[in-house]
Amino acid sequence: MPDIVCVSPVDGREVVRRPSATPGEIEAAVAAARRAQAKWRAAPLAERAQLLGVAVDAMLAMRDEIVPELAWQMGRPVKFGAGELRGFEERARHMIALAQSALAPVVPDPQPGFTRYVKREPLGLVLTVAPWNYPYLTAVNSVVPALMAGNAVILKHAAQTLLVGERFQRAIDAAGLPAGLFRTLTLSHDDTLKLIGSGAVDQVCFTGSVPAGRAIERAAAGTFAGVGLELGGKDPAYVRADADLAHAVENLVDGSFFNSGQCCCAIERIYVHADVYDRFVEGFADLTRQYVLDDPLDERTTLGPMAQPRLAATVRAHVDEALAKGAQPLIDQRPFRKAAANSTYVAPQVLLSVDHSMRVMMEETFGPVVGIMRVSDDDEATALMNDSPYGLTASIWTRDLAAAERIGARIETGTVYMNRCDYLDPGLAWTGVKDTGRGATLSRIGYETLTRPKSFHLRQI
């Protein structure tokens, strides 16, 4: 079996190499998970919550090792590394606390002579296929609620963040969950698809690209396994004439360039009302120029390398095509000395005079570049926001709540934000439309995708 290798975007060195699981190891992991799940599903919710709480504590205790480890694996500056663990804790603890009510039986109106209710039963075995860009946050969305719901879990983590899967394993083992209930497996893409197609799993939770999502759907066809797909976005922002410009600039710059733009809900296109366009663009460019592109292990760095050379090449290709079609670059690249052609280090860029004929405004760029367009009113902004194959999030920057609700109702998206962006509230469903995929994680709705309903209709004679 071929080895799975993580090559660091920091300097090209090999971070970790692991052998891919053999067919026998995969079969044994599935069998062990099934055995453990048969007992785990009978464990009281309070016991599951207590053990998973210990697992969260065990993960947080590894913070000092995890932060630099993340920088080496996928390039996020150590300055921001602890933030992912804070988000991991917030989501994990929220879903643990929510389980009692989310998994409670649904009881219809009383009917004399009958006892009627719907129980939420675990599915059995859940396969989580996690990406590298937010490796703890994306995995926790399904791993913790799946276990809380009484399922077993196999975690296949991305090659770029192999060590994250091992951290999950270490934390859960330290908590004392039943042996085999949770297992991290190092798998190739082909072996992942074979596992899905074998019918051995009951639910697949995947975050990644559209082509990979289609491959997973094809693999699952005929197995009757559920498939949850979160496949990225081209998330828009609309800055209305009544927006708090300073607040909008600060948050939209961060939403565009945090994690080098490598976020499915990063801001990739911005539409600004003509009345405030010039002031917004000036403030946006000024703040963008303050980024420090450098070694992510340096505390001064605010923009690290992209995770892989091919991802950086996509960003450069999108920018070059836009420039060839007449886009205007606002950010002088020369002060960003670490940036270099064919490297993983990509300087931030802001493009004006863009339109929807350009890939940078239509395809997922997934990097530190954003296009800004002038619009005349809400209708034009809404039409442009909807002119996309994706629909994950959209943000509206305004002081008018009613306007945000009115515009939000017309936007084809999974989440509508007002005066914020690039954040997942675990109390709300994380979902999308169009090529962003299907299914939902987080909130009580997330529990519905990890359980099946079982109705009890009991007549008393």
*Unmet requirement for Ala307, which otherwise passes all of (1) in a strand (DSSP E or B); (2) under 30 Å from Val5 (Cβ atoms)*: (1)
*Residue in segment 209-223 that is within 22 Å of the chain's Cα centre (by Cα), surrounded by fewer than 23 Cβ atoms within 10 Å (Cβ to Cβ), polar (S, T, N, Q) and assigned by TED's automatic domain parsing to the domain that holds Ala394 present*: no
_Which numbered condition Pro68 misses (of (1) more than 16 Å from Thr161 (Cα to Cα); (2) loosely packed, with under 15 Cβ neighbours inside 10 Å; (3) touching a residue at least 40 places away in the same chain (Cβ under 8 Å); (4) not small (Gly, Ala, Ser))_ = (1)
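Given the options Val346, Val375, name the one that is under 14 Å from Pro329 (Cβ atoms) and assigned by TED's automatic domain parsing to the domain that holds His247. I'd like the intermediate steps shown before the answer.
Numbers: Val375 fails: under 14 Å from Pro329 (Cβ atoms).
The conditions single out Val346.
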*Being in a strand (DSSP E or B) and without any contact (Cβ under 8 Å) to a residue 40 or more places away in the chain is the filter here, so list the residues in segment 8-23 that pass it.*
Glu14, Arg17
*Of the residues Gly24, Gly81, which single one is more than 19 Å from Phe182 (Cβ to Cβ), assigned by TED's automatic domain parsing to the domain that holds Gly197 and modelled with pLDDT under 95?*
Gly81
*Scanning for something touching a residue at least 60 places away in the same chain (Cβ under 8 Å) and assigned to a strand (DSSP E or B), does segment 24-45 turn up at least one residue?*
no
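Can you tell which of Gly87, Gly124 is surrounded by fewer than 24 Cβ atoms within 10 Å (Cβ to Cβ), under 21 Å from Leu229 (Cβ atoms) and touching a residue at least 60 places away in the same chain (Cβ under 8 Å)? Outline the logic, then answer.
Values: Gly87 fails: under 21 Å from Leu229 (Cβ atoms).
Sole residue among the options that is surrounded by fewer than 24 Cβ atoms within 10 Å (Cβ to Cβ), under 21 Å from Leu229 (Cβ atoms) and touching a residue at least 60 places away in the same chain (Cβ under 8 Å): Gly124.
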*If you scan segment 224-250, which residues turn out to be crowded, with 21+ Cβ neighbours inside 10 Å and out of contact with any strand residue (DSSP E or B) (no Cβ under 8 Å at 6 or more places or on another chain)?*
Val249
*asked:* Name the residue that is farthest from Pro135 (Cα to Cα), counting only residues in segment 42-71 that are in contact with a helix residue (DSSP H, G or I) (Cβ under 6 Å, 6 or more places away or on another chain) and β-branched (Val, Ile, Thr).
replied: Val54
*Among the numbered conditions (1) over 27 Å from Arg279 (Cβ atoms); (2) in a helix (DSSP H, G or I), tell me where Arg452 comes up short.*
(2)
*In segment 264-295, which residue that is out of contact with any strand residue (DSSP E or B) (no Cβ under 9 Å at 6 or more places or on another chain) and assigned to a loop (DSSP other than H, G, I, E, B) is surrounded by the most Cβ atoms within 10 Å (Cβ to Cβ)?*
Asp295
*Going through segment 321-336 one residue at a time, which ones are more than 28 Å from Pro9 (Cα to Cα) and either surrounded by fewer than 20 Cβ atoms within 10 Å (Cβ to Cβ) or under 25 Å from the mean Cα position of the chain (by Cα) (or both)?*
Ala324, Lys325, Gly326, Gln328
*Has segment 155-164 got any residue that is crowded, with 24+ Cβ neighbours inside 10 Å, over 21 Å from Ile4 (Cα atoms) and among the β-branched types (Val, Ile, Thr)?*
no
*Any idea which residue in segment 111-121 is surrounded by the most Cβ atoms within 10 Å (Cβ to Cβ), counting only those that are part of a strand (DSSP E or B) and in contact (Cβ under 8 Å) with a residue 12 or more places away in the chain?*
Arg120
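The values are calculated or read from the model by the stated rules, or taken from the named source; none is laboratory data. All of these numbers come straight from a predicted model, not from anything done at the bench. So basically every Cβ, Gly included, is an ideal-geometry build from the backbone, and we count neighbours across all protein chains shown.
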